Amino acid sequence: MDSQAPRIRVWDAAVRCLHWLLVASVAAAWLTTLGWLHWHEAAGYAAAAVVALRLAWGFAGSRYARFAQFLRGPTATASYAARVLERREPRYIGHNPLGAWMVLALLACVAALGLTGWLYTRFDMFWGEAWLDQLHAFLGWLLLALIGLHLAGVAFTSGRHDENLVRAMVDGDKPAPRPGDLS
């Protein structure tokens, strides 16, 4: 895409800041899984706090930050997925339907990781419970898989619509709407 093409603000500072804070806290939690328990817990609590803030911002934030703006129902999402397979999907200014559900899946998985970690370390009744430890580990691997799918979706969508979504998550701007784009 022409770097001189008009651009519009889509992602506000809060969305971008929370996104990168979540990336950093999840990366820190992952890197400290086999040691440095104190740092692992701190990173997990930071990630959970970011999720809570992003959930609040999903209801009170700017236009493209709001869940009501980008969440679509199952029928609309399936229709969009079919159009992706046909290579005829429209470009969305905000999140596309598959991206929107990925946002929720990532937030839910991080929240579940935070909850299971908290239960495991703060309540005697759960201390040493193998099932909770296994669930926490499973959720960690699930999160890693979701992150991989998220990155693949970002790369695919960036290529399909000739826009740099990583840049947009840094500076907040995306190419201005073109004919056929949806907001």
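Placing +1 on the Cβ of every Lys and Arg and -1 on the Cβ of every Asp and Glu, with no other charges, gives the range 1-120 a dipole of roughly 480 debye about its Cα centre. The Stokes-Einstein estimate for the range 79-151, based on a Kirkwood radius over Cα pairs and taken at 25 °C with 0.890 mPa s viscosity, is a diffusion coefficient of 172 µm²/s.
What is the chain's relative contact order, in percent, from Cα pairs under 8 angstrom and six or more apart in sequence? Value for the chain: 30 percent. Considering the chain, its Cα convex hull presents a mean projected area of 11.6 nm². In plain terms, the residue of 8, 147 with the fewest other Cβ atoms within 10 Å comes first and the most crowded comes last, giving 8, 147. Neighbour counts of other Cβ atoms within 10 Å put 154, 110, 166 in the fewest-to-most order 166, 154, 110.
Going through the DSSP H helices of the chain, which span 18 Å or more along their own axis at the Cα atoms while scoring at least -1.0 as a mean Kyte-Doolittle hydropathy? Within the chain the helices that satisfy the rule are 13-31, 37-60, 97-122, 130-160. The charge dipole of the range 45-183, taken about its Cα centre with unit charges on the Cβ atoms of Lys, Arg (+1), Asp and Glu (-1) only, comes to about 540 debye. Taking the chain as a Gaussian network, Cα atoms linked when under 10 Å apart, which of 95, 38, 150 shows the biggest mean-square fluctuation? Looking only at 95, 38, 150, the biggest GNM fluctuation is shown by 38. Taking other C-beta atoms within 10 Å as the exposure proxy, 25, 62, 183 rank 183, 62, 25 from fewest upward. In vacuo Debye scattering of the range 25-88, one point per C-alpha: log10 I(q)/I(0) at q = 0.20, 0.22, 0.24 Å⁻¹? Debye output, listed in q order: -0.79, -0.83, -0.88. What longest range of the chain stays clear of loop-exposed trypsin sites (Lys or Arg not before Pro) (DSSP non-H/G/I/E/B, at most 13 other C-beta within 10 angstrom)? In short, 89-183. The helix-only estimate of mean residue ellipticity at 222 nm for the chain, built from DSSP H runs of length n ≥ 4 each weighted as -39500 (n - 2.57), is -22500 deg cm²/dmol after division by the residue total.
Just so you know, all these numbers are worked out from the coordinates, no wet-lab data involved. Being a predicted model, the structure only gives us computed values, none of them experimental. Glycine gets a Cβ as well: all are built from the backbone with ideal geometry, and neighbour counts include every protein chain shown.
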